[in-house]
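Asks: There's a structure below that I have some questions on.
Bear in mind that the values in this text are calculations on the coordinates, not laboratory data. All values derive from a computational prediction rather than experimental measurement. All Cβ positions, even for glycine, are placed from backbone atoms using ideal geometry, and neighbour counts span all protein chains on display.
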Amino acid sequence: MNIELIQIPKIENSLGNIAVIENEIIPFAIKRVYYLFDIPSSAVRGGHSHKNLQQVLIAISGSFDVVLHDGKEKRTVTLNKPDKGLLIKSNIWRELENFSSGAVCLVMASEIYDETDYIRDFDEFLDYLR
Ligand code: T46
């Protein structure tokens, strides 16, 4: 499946930690950053794929599950550490669920927002892959 876990370098000391994201650890030029917050625990977000967009997701606070499908295989990745990024390349269906209280999902994206890049129907996603 076209996903990868990225370890984000961190500087630790007794006063707390700093995680640092510099260009070389993200495999694309970042054109947009957004974040999801105040998410009800019952919410299921996502429910789409992207034709071109690549993104890295980080649970900056709290935790949530990312359910991924590439048309053949389904995988669930739990994000629960601010120094762990999930790279999702194009043409992967994703759903985000099981948000903990206070969860914040930071997203770094390879493109600016473009609704025409989304496929929001699972059967259409499967057709698009064929
Ligand atoms: C993804 C997951 C993790 C904008 O106008 N600009 C933006 O940059 C974004 C991300 C969204 N929007 C609008 C589009 C919709 O009217 O905000 C509304 C909610 O967006 P959406 O339903 O796509 O939200 P999620 O949380 O289901 O998905 C978002 C990203 O869209 C998506 O690429 O992978 O977060």
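Asks: Taking H placed 1.01 Å from N in the peptide plane, check which residues at least 5 places from Gly71 or on another chain put their amide H under 5 Å from its amide H.
Replies: For Gly71, the qualifying residues are Trp93.
Asks: Give me the percent relative contact order of the chain, please, defined on Cα pairs under 8 angstrom at least 6 residues apart. Spell out each step's value before the answer.
Replies: Details: 304 pairs, mean separation 45.8, N = 130.
In percent, rounded to a whole number, it is 35.
Asks: Can you tell me the mean projection area, over all orientations, of the convex hull of the chain's alpha carbons? Units nm², please.
Replies: 8.3
Asks: Which stretch or stretches of region 64-91 have amide N atoms under 20 Å from the point lying 7 Å from Asp127's Cα along the Cα→Cβ direction?
Replies: Answer for region 64-91: 69-72, 91.
Asks: Would you calculate the separation in nanometres between label points at Thr78 and Ser101, each defined as 7 Å from the Cα along the Cα-to-beta-carbon direction?
Replies: 1.8
Asks: Among the lysines in the chain, how many pairs, 8 or more places apart or on different chains, have alpha carbons under 22 Å apart?
Replies: 12
Asks: Need the full-extension length gain, Lys10 to Asp65, defined as separation in residues times 0.36 nm minus the C-alpha distance. One decimal, nm.
Replies: Here the answer is 17.5 nm.
Asks: Would you list Ser41, Ser90 from fewest to most Cβ contacts within 10 Å?
Replies: Listing Ser41, Ser90 from fewest to most nearby Cβ atoms yields Ser41, Ser90.
Asks: Quick one: if you stick a label point 7 Å off each Cα along the C-beta vector at His48 and Asp114, how many nm between them?
Replies: Placing both labels 7 Å along Cα→Cβ, they lie 1.3 nm apart.
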